[in-house]
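Data block below; observations after.
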Amino acid sequence: MKDEYRSVKSESSKILKVEGSKFIASISPVESQTGAEEFLDGKRKEYFDATHHCFAYACGSEREEFRYSDDGEPSGTAGAKIFGAIQSQDVSDLIVVVTRYFGGTKLGVGGLGRAYFDAANLVISSSVIVQKVVAEELRITFPFEETNGVMTVLSRTKVRIVDTVYDEEVTLRISARRGAVKDLVKDLVNVTRGNLVSKVLLSGPRLS
């Protein structure tokens, strides 16, 4: 599974006009279904008089969580096309809502599908792209006298120290790129001669 992927930095929108119909493509970074639904609800309220609010969202480094909807348009002409634009741009952790105001001219199945894909593609390609990595947060505990060795290992890796507790032993909460965790723990165990206990606390995305 990838531990680095692309997303968008902020909300934005673009307008595409085709044969009198207006397609308003709105995009926002999200990290969950809840966030996606909140953004969708906001657009439904903002454009309450629109004909359709079709959408697609994807979350995770492999877009493993996703959903799309035609919202009353002919099956396969809207939601799947928007999701196709997300796939073609190789992005995730975002939602694209394409709001349509019907202009009186029917576009046909092919024309409608192209319009939804083009609108979604337009707003994605005009967005500021950011790199995200999947990080794991670990808790490591070791004797105080091993501190220098541990810090030397951590300084060689892109590790963020989240919290430090000095007691009878030293406990650090650290955040590291998921793909680097296995080798990192191995190096820490080696430098402390086995006097280290580690535990993964959580995993999730962060900006690189």
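The values are calculated or read from the model by the stated rules, or taken from the named source; none is laboratory data. Predicted model only: the values in this text are computed from it and were never measured. Glycine also receives a Cβ, built like all others from the backbone with ideal geometry; neighbour counts cover every protein chain displayed.
Filtering the stretch 1-38 to residues that are closer than 29 Å to Gly110 by Cβ and among the aromatic types (Phe, Trp, Tyr) leaves only Phe23.
Among the conditions (1) surrounded by 12 or more Cβ atoms within 10 Å (Cβ to Cβ); (2) of a type outside the set (S, T, N, Q); (3) free of Cβ contacts under 8 Å to residues at least 24 places away in the same chain, the only one that Lys106 does not satisfy is (1).
Mind checking which helices (runs of 4 or more DSSP H) fall wholly inside the stretch 91-208 and carry at least 2 residues that are touching a Lys or Arg at 6+ places or on another chain (Cβ under 8 Å)? Walk me through how you get there before you give the answer.
Details: elements: 108-125, 147-155, 181-191.
Passing ranges, in order: 108-125.
Are any of the residues in the stretch 177-199 touching a residue at least 60 places away in the same chain (Cβ under 8 Å), exposed (fewer than 12 other Cβ atoms within 10 Å of the Cβ) and assigned by TED's automatic domain parsing to the domain that holds Glu145? So far as the stretch 177-199 goes, yes, one or more of its residues are touching a residue at least 60 places away in the same chain (Cβ under 8 Å), exposed (fewer than 12 other Cβ atoms within 10 Å of the Cβ) and assigned by TED's automatic domain parsing to the domain that holds Glu145. Summed over the stretch 27-64, the residues that are part of a strand (DSSP E or B), more than 13 Å from Val91 (Cβ to Cβ) and touching a residue at least 60 places away in the same chain (Cβ under 8 Å) give a count of 1.
Taken together, Gly76, Gly42, Gly60 contain a single residue that is outside the structural domain of Arg178 (by TED's automatic domain parsing), out of contact with any Gly (no Cβ under 9 Å at 6 or more places or on another chain) and at positive phi, which is Gly60. Selection of the stretch 157-187 for residues being in contact with a helix residue (DSSP H, G or I) (Cβ under 8 Å, 6 or more places away or on another chain) and within 29 Å of Gly60 (Cα to Cα) yields Thr157, Lys158, Val159, Ile161, Leu172, Ile174, Ala176, Leu184, Asp187.
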